[in-house]
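Computed from the coordinates by the stated procedures, all read-outs in this text should not be read as laboratory data. Model, not experiment: these values are computed from the prediction. Neighbour counts run over all protein chains shown; Cβ positions are idealised from the backbone, glycine included.
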Amino acid sequence: MKPPKSRAAVLVAGVMVLLVAGLIGVLATRRPPSAAEADTPLLGKSAPALAGATPAGAQFDKRTLVGQWTLVEFFSSWCVACREEAPALLTFAMEHGYAPSRGMAQGQGTAQSWGPVGGASVPQRGTTGHGGGAGQGTVAELGSSSNQHEPPEPLVDIVGVAFDDPAGAVRQYVRDTGMIWTVVLDPSGQTAVSYGVTGPPEAFLVDPAGRIVDHIDGPVTAQFLNGVFTRAQSDFLRAERLAGSGGARRS
């Protein structure tokens with residue numbers, strides 16, 4: 001008859017099981033070292049609505065993402081990869097006509113209230129006068145501007161969604177990284193769930209018809225984003241031409 005195992009041996013075995021299980025969990029859920037296009041059941045479907053408070057407390061509400069290319073970017077202030085990709089996102093935004101003051105006008109505060117962003121002053125293009133959109137506040141509410149004309153619409157709009165992050169930490173993150181696009185808080189995680197997000201950084205490219213056409217997992221580079229966008233744009237225009245020629249034949 002074998003002697004019973006000691007309590008110490010049982011404890012060591014239990015600890016080892018927990019360590020192995022934890023390692024498996026980390027390996028299964030860790031973020032990829034670089035961006036990759038990933039499958040999602042939302043591909044080809046209408047993008048879920050984006051609604052919530054901005055870091056400055058204004059309300060943002062976009063029921064549909066129809067009419068313009070939109071990049072929905074999920075990030076967190078505690079996410080190291082998010083901070084690493086922030087300069088690439090800023091480069092991509094500027095390359096596609098994003099006015100530096102635009103995001104701050106959309107309910108995130110004014111250039112004066114934020115102070116220098118990204119450790120340096122951002123060259124001003126356009127004005128802070130775009131805040132009069134749906135639920136985003138007005139210029140009078142967000143700060144005055146010497147020029148009340150709205151900046152031109154960017155070729156690709158960007159909406160950042162703060163994943164599992166308090167407002168104060170998000171405000172500091174925006175200051176640190178120089179984000180110039182609209183940011184929406186998601187304290188309940190409802191938006192992340194509707195998009196099927198597992199952890200930041202994750203991004204979804206939405207075409208002008210409001211459909212999700214790409215899901216990007218991991219930290220991006222500007223070159224990677226440009227490649228994804230160029231291909232998606234070509235596919236969208238090709239589909240539009242085919243639809244138009246089919247309608248012409250039927251008539």
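Observations
- Global form of region 190-251, assessed from the alpha-carbon gyration tensor, a/c cut-off 1.5: oblate
- Amide H to amide H distances under 5 Å link Asp165 with Asp186, where only residues 5 or more positions off or on other chains count and H is placed in the peptide plane.
- Highest average packing first - 174-180, 189-195, Cβ atoms within 10 Å: 174-180, 189-195
- Of the peptides 56-67, 81-92, the ranking by mean beta-carbon count within 10 Å, highest at the top, reads 81-92, 56-67.
- Amide H contacts for Ala51 (H built 1.01 Å from N in the peptide plane; partners 5 or more residues away or on another chain; cut-off under 5 Å): Lys62.
- The phi-based Karplus calculation (6.51 cos²θ - 1.76 cosθ + 1.60; θ = phi - 60°) puts the 3J(HN,Hα) values of region 213-226 at 10, 7, 10, 10, 10, x, x, 9, 10, 4, 5, 5, 4, 4 Hz, whole numbers, x for Gly and Pro.
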